[in-house]
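> Take a look at the following structure, please.
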Amino acid sequence: MESVSEKALPPNEGRTLVVMAKAPRRGAVKTRLASSLSPEAVTAFYCCLLDDTLALARSLDDVEVAIMCPESDVDELARLAGNQASVVAQKGEGLAAGLTSVFAYFAEGRRTNPPRTNTLQRRIIAFNSDSPHLPRSVLEEAFETLVAHDVVVGPTHDGGYYLVGAKVSHPTLFAGDGMGTSSALERLLARARALELTVGFADRFYDIDIADDLARLAEELRLAPARAPRTAAWLKEWDSTAH
């Protein structure tokens, strides 16, 4: 007899979207904006980004939304997220450890016993907490890409990536250095090749690191503020004082 975990599910079930986040503390988030914004402004801006990113994640149908963060940030992020997402502590320090924790925790089915879905049906995507400007269609298409590929990656214009997804855990996929550098994507793809994994790509996009990114995002949200209302309101005020 077919077990519960082996039964076929509707195509959208078993999808998990994990936001990689930190608690919004001074000096701990968006540090490259420190030359353009005061520490208080950086923290306030990050709160807006995170809130709108969670709203974007929740706008997808049949998707479980979670936050992966350092253990010290769990309580604060749980308060900020409310009932929008579950919050899980990563094992180890840094972004590489956080991404490894995402797939170890969610892809290996540690939340339920027995797992709710088998590994072929489960699709997990991790993405940045500063991505409220990402079109919803990009996330939907990334999940679809995972149907036919082992890994999906969303490249950024600066040589990194804003999104990565898989169906099972690959513990060495994020091993080594290079996270947050211009070679991050190249290193990830090299490790994927070494593991003989098939890789599909989401649309190339940009993340929010420097003042030019702020200006670009402000212009986009000026034309379409409903995409990220809290961030749009913050950027409108910032833009009026900066010029």
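> Considering only residues of the stretch 16-31 that are charged (D, E, K, R) and within 16 Å of residue 162 (Cα to Cα), which is surrounded by the most Cβ atoms within 10 Å (Cβ to Cβ)?
That would be 30.
> Consider residue 13 carefully, then state whether it is open to solvent by 50 Å² or more (accessible area, probe 1.4 Å) and either at pLDDT below 90 or assigned to a loop (DSSP other than H, G, I, E, B) (or both).
So residue 13 fits the description; yes.
> With 235, 185 as the choices, which residue is modelled with pLDDT under 95, under 18 Å from the mean Cα position of the chain (by Cα) and open to solvent by less than 40 Å² (accessible area, probe 1.4 Å)?
It is 185.
> For residues that are open to solvent by 40 Å² or more (accessible area, probe 1.4 Å) and outside any helix (DSSP H, G or I), tally how many sit in the stretch 216-232.
0
> Quick one: which of 159, 200, 165 is among the small types (Gly, Ala, Ser), in contact with a strand residue (DSSP E or B) (Cβ under 9 Å, 6 or more places away or on another chain), farther than 17 Å from residue 19 by Cα and not in a helix (DSSP H, G or I)?
200
> So is residue 35 modelled with pLDDT under 90 and within 30 Å of residue 240 (Cβ to Cβ) or not?
Answer is yes for this residue.
> Can you work out which of the residues in the stretch 55-108 that are farther than 20 Å from residue 153 by Cα and polar (S, T, N, Q) is surrounded by the most Cβ atoms within 10 Å (Cβ to Cβ)?
By that ranking, first place goes to 90.
> Among the residues of the stretch 132-148, what is the count of those that are open to solvent by 10 Å² or more (accessible area, probe 1.4 Å) and within 15 Å of residue 203 (Cβ to Cβ)?
Result for the stretch 132-148: 7.
> Determine, yes or no, whether residue 61 is under 20 Å from residue 165 (Cβ atoms) and acidic (Asp, Glu).
Spelling it out, residue 61 is indeed under 20 Å from residue 165 (Cβ atoms) and acidic (Asp, Glu).
> Of the residues 189, 197, 146, which single one is in contact with a His (Cβ under 8 Å, 6 or more places away or on another chain) and either closer than 23 Å to residue 102 by Cβ or in contact (Cβ under 8 Å) with a residue 12 or more places away in the chain (or both)?
The unique qualifying residue is 197.
> Starting from the stretch 217-233, keep only residues that are more than 17 Å from residue 59 (Cβ to Cβ), then list their pairs with residues that are surrounded by fewer than 17 Cβ atoms within 10 Å (Cβ to Cβ) and modelled with pLDDT of 95 or more whose Cβ atoms are within a distance under 8 Å, requiring at least 6 positions of separation or different chains.
Partner pairs satisfying both residue conditions: 233/225.
> Hey, another quick one. State yes or no: is residue 52 more than 30 Å from residue 121 (Cα to Cα), open to solvent by less than 40 Å² (accessible area, probe 1.4 Å) and modelled with pLDDT of 95 or more?
no
> Out of 86, 36, 59, I need the residue that is under 25 Å from residue 229 (Cβ atoms) and in contact with a strand residue (DSSP E or B) (Cβ under 6 Å, 6 or more places away or on another chain). Which one?
Among 86, 36, 59, only 86 is under 25 Å from residue 229 (Cβ atoms) and in contact with a strand residue (DSSP E or B) (Cβ under 6 Å, 6 or more places away or on another chain).
> Okay, next question. Under 7 Å by Cβ, and 6 or more places apart or on different chains, what pairs join a residue from the stretch 35-54 that is touching a residue at least 60 places away in the same chain (Cβ under 8 Å) with one that is of a type in the set (Ser, Thr, Tyr)?
Pairs that qualify, where the first residue is touching a residue at least 60 places away in the same chain (Cβ under 8 Å) and the partner is of a type in the set (Ser, Thr, Tyr), are 48/231; 49/129; 49/231; 50/129; 52/231; 53/129; 53/131.
> Okay, next question. For the condition open to solvent by less than 90 Å² (accessible area, probe 1.4 Å), within 24 Å of residue 165 (Cβ to Cβ) and free of Cβ contacts under 8 Å to residues at least 40 places away in the same chain, what is the one hit in 203, 209, 213?
Answer to the selection: 213.
The values are calculated or read from the model by the stated rules, or taken from the named source; none is laboratory data. Please read all numbers here as calculations on a predicted model, not as lab measurements. In this analysis, Cβ positions are derived from the backbone assuming ideal geometry, glycine residues included, and neighbour counts consider all displayed protein chains. When the accessible area is computed, the model is the full protein with side chains, heavy atoms only, and any ligands, DNA or RNA have been set aside. Shrake-Rupley method; radii C 1.70, N 1.55, O 1.52, S 1.80 Å.
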